[in-house]
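Encoded as C-alpha cells, the structure appears first; notes follow it.
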Amino acid sequence: MSSNSEIVHKFKKVYSELATLEKKIFQRSGFLIFKSHIYTIEELLNSPHHQKIFSITEKIGSDMHSWYAAGKLLDSEEKEYFSHRNSVDTQLQRLNMKIQTRKPTWWEKTKGPLMEFVGLVLENLPAQFTRKMIGKVNKILLPFFKKIPKLLQFKKH
C-alpha cells in the first residue's frame, strides 16, 4: 500500500455521508408553530446514507484484508485503518442515538390528536349531517391540516 493518506482518502466519503446524515436530523419545514421535521425517524434510520456508509466501509475492510494477506499493509497503516473504523463506528452510534431520541415539534405532537378529535366529532354527529359533511371535511379539512407547514413556509430566493 502507498501511504496512510490513502486510508484517509478512502474514509473521506464515509465522513461526508455521516455529516450529511447529521444535517438531516433536525431539518424542519414550516412556519412559526407549524413546523415539522422534514425526515421521519424511520426515514433517517433507514436512509441511503446508512447503506452507503456500510457499503464503503465494507469495501475498505475488504481492501485492508487483501493488502494484509499480501503482506502490503504496514503496522502504522493498520493502526490508521482501525482508528478510522472506530471513529466511524462511534460517530454512527452517536448519530443513531440522536435520531432515536429526537423530540417531535409542537405541530407534530398536536396535529395527530387534533385530526383524531375532528374525526371523533364527525363520527358522533347525526347521520344526516355526517353524510353531507364527512365527504367535504375529508376532502378539504384533513388535507389542509397536513399541508399547513408547506402553506406557511417562507420561500427563500
Checklist outcome for this item: Over region 75-110, the set of residues among the aliphatic types (A, V, I, L, M) and surrounded by fewer than 14 Cβ atoms within 10 Å (Cβ to Cβ) is M97
Checklist entry - Looking at region 16-35, which of the residues that are modelled with pLDDT of 85 or more and polar (S, T, N, Q) is nearest to K103 (Cα to Cα)? => result Q27
Checklist entry - Can you list the helices (runs of 4 or more DSSP H) found entirely within region 17-132 that contain at least 1 residues being of a type in the set (G, A, S) and on the phi < 0 side of the Ramachandran plot? => result 48-69, 75-100, 106-123
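Could you list all residues from region 25-42 that are in contact (Cβ under 8 Å) with a residue 24 or more places away in the chain and surrounded by 12 or more Cβ atoms within 10 Å (Cβ to Cβ)?
Within region 25-42, the subset in contact (Cβ under 8 Å) with a residue 24 or more places away in the chain is 25-26, 28-37, 41.
Within region 25-42, I25, F26, R28, S29, G30, F31, I33, F34, K35, S36, H37, I41 qualify.
Tally up the residues in region 1-12 that are surrounded by 15 or more Cβ atoms within 10 Å (Cβ to Cβ) and not in a loop (DSSP other than H, G, I, E, B), please. Explain how you work it out, then say what you get.
First, the residues of region 1-12 that are surrounded by 15 or more Cβ atoms within 10 Å (Cβ to Cβ): 1, 4, 7, 10-11.
Filter once more, keeping what is not in a loop (DSSP other than H, G, I, E, B): 4, 7, 10-11.
Within region 1-12, residues that are surrounded by 15 or more Cβ atoms within 10 Å (Cβ to Cβ) and not in a loop (DSSP other than H, G, I, E, B) number 4.
Check whether at least one residue in region 115-123 is in contact (Cβ under 8 Å) with a residue 24 or more places away in the chain and not hydrophobic (A, V, I, L, M, F, W, C), and report yes or no. Walk me through how you get there before you give the answer.
To start, the set of residues in region 115-123 that are in contact (Cβ under 8 Å) with a residue 24 or more places away in the chain comprises 115, 118.
Restricting the remaining residues to those that are not hydrophobic (A, V, I, L, M, F, W, C) gives none.
Checked region 115-123: no residue is in contact (Cβ under 8 Å) with a residue 24 or more places away in the chain and not hydrophobic (A, V, I, L, M, F, W, C).
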Checklist entry - Counting only residues that are among the charged types (D, E, K, R) and out of contact with any helix residue (DSSP H, G or I) (no Cβ under 9 Å at 6 or more places or on another chain), which one in region 1-56 is nearest to L95 (Cα to Cα)? => result K23
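The values are calculated or read from the model by the stated rules, or taken from the named source; none is laboratory data. Predicted model only: the values in this text are computed from it and were never measured. Note: ideal-geometry Cβ built from the backbone for every residue, glycine included; neighbour counts use all protein chains shown.
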